[in-house]
Every structure is written in C-alpha cells, then in structure tokens.
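Notes to accompany the following structure.
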Amino acid sequence: MAVKRMWGGRFEATGAKWVEEFGASISFDQQMAAEDLEGSLAHVTMLKETKILPAADADQIITGSRSSRTNSKQGSLRLRLKMKTST
C-alpha cells in the first residue's frame, strides 16, 4: 500500500526507512503535548481578547484544549500518526 506524500510528484523512488523514521515526530509530540497545549491556550486566549477570534469559537477551542491537556497530564491522551494511502 503506497503512502501519499506532499512531495510525491517530485520523486519517483520511495525514501529509505530511516528517513521515514527520522521524519516521524509523533513520539516527541506525545511527550510535549501538555506544553504544546499550554501554548495553544495562551494563543487562543490572546485571539479572543483582541477579538480576532469570536468569543464563542475561542471558548470551544479553550474547552477542548483544556480537556486534551488534562488527558495528556493523566497519560490518557494518545497521539497516532495517520497517513493517507493511495488506492
């Protein structure tokens, strides 16, 4: 099953396995999720306060981000890599 990449039209051959592994940052994303969500919360709060983002939209994002942050801190947030495959 072939995996579609952004650069798929530029290269005919597939990359080496180590290149795929090196480029997959999901394990680091998992480790940094709580910190990443903290930054996202600060950003969306700023967008709300400056009225760049409507309050109702910002509140939905804040609620979801807080829930994800809690799950991350409790160890129940699991990130997974999902790649599109060609048919």
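Collect residues whose amide H, placed 1.01 Å from N in the peptide plane, falls under 5 Å from the amide H of LEU77; neighbours closer than 5 in sequence don't count.
When sequence neighbours closer than 5 places are left aside, the close amide H contacts are SER72.
Below 14 angstrom from the Cβ of GLU49, what's the summed charge of the other residues (Lys, Arg +1; Asp, Glu -1)? Please report the intermediate quantities before stating the final value.
On the way: positive: LYS48, LYS51; negative: ASP57, ASP59.
Local charge sum for GLU49: 0.
Quick one: Karplus J couplings for region 38-46, per residue in order, coefficients 6.51, -1.76, 1.60, θ = phi - 60°, nearest Hz, x for Gly and Pro?
4, x, 5, 4, 4, 5, 5, 4, 4
What list of ³J(HN,Hα) couplings, whole Hz, do you get for region 67-74 from phi and the Karplus terms 6.51, -1.76, 1.60, once you set θ to phi - 60° and write x for glycine and proline?
5, 5, 5, 4, 4, 5, 5, 7
Collect residues whose amide H, placed 1.01 Å from N in the peptide plane, falls under 5 Å from the amide H of LEU53; neighbours closer than 5 in sequence don't count.
Result for LEU53 returns LYS48.
I want the local charge near SER65. Using Cβ-Cβ distances under 10 Å, sum +1 for each Lys or Arg and -1 for each Asp or Glu among the other residues.
Details: positive: ARG66, ARG69; negative: ASP36, GLU38.
It works out to a net charge of 0.
Subtracting the Cα-Cα distance from 0.36 nm times the residue separation, let me have the gained length for MET32 to ALA55 in nm, one decimal.
Details: separation 23, 0.36 × 23 = 8.28 nm, distance 2.72 nm.
Contour length minus the Cα-Cα distance gives 5.6 nm.
Please turn the phi angles of region 52-59 into ³J(HN,Hα) values with the Karplus equation 6.51 cos²θ - 1.76 cosθ + 1.60 (θ = phi - 60°), one per residue in order, whole Hz, x for glycine and proline.
Karplus values, whole Hz, x for Gly and Pro: 6, 10, x, 4, 4, 5, 4, 4.
Rule-based calculations on the coordinates, nothing more; no lab input. Treat the numbers as computed from the prediction; the structure is a model and nothing was measured. Neighbour counts are summed over all protein chains in view; Cβ atoms, including those assigned to glycine, are modelled from backbone coordinates with ideal geometry.
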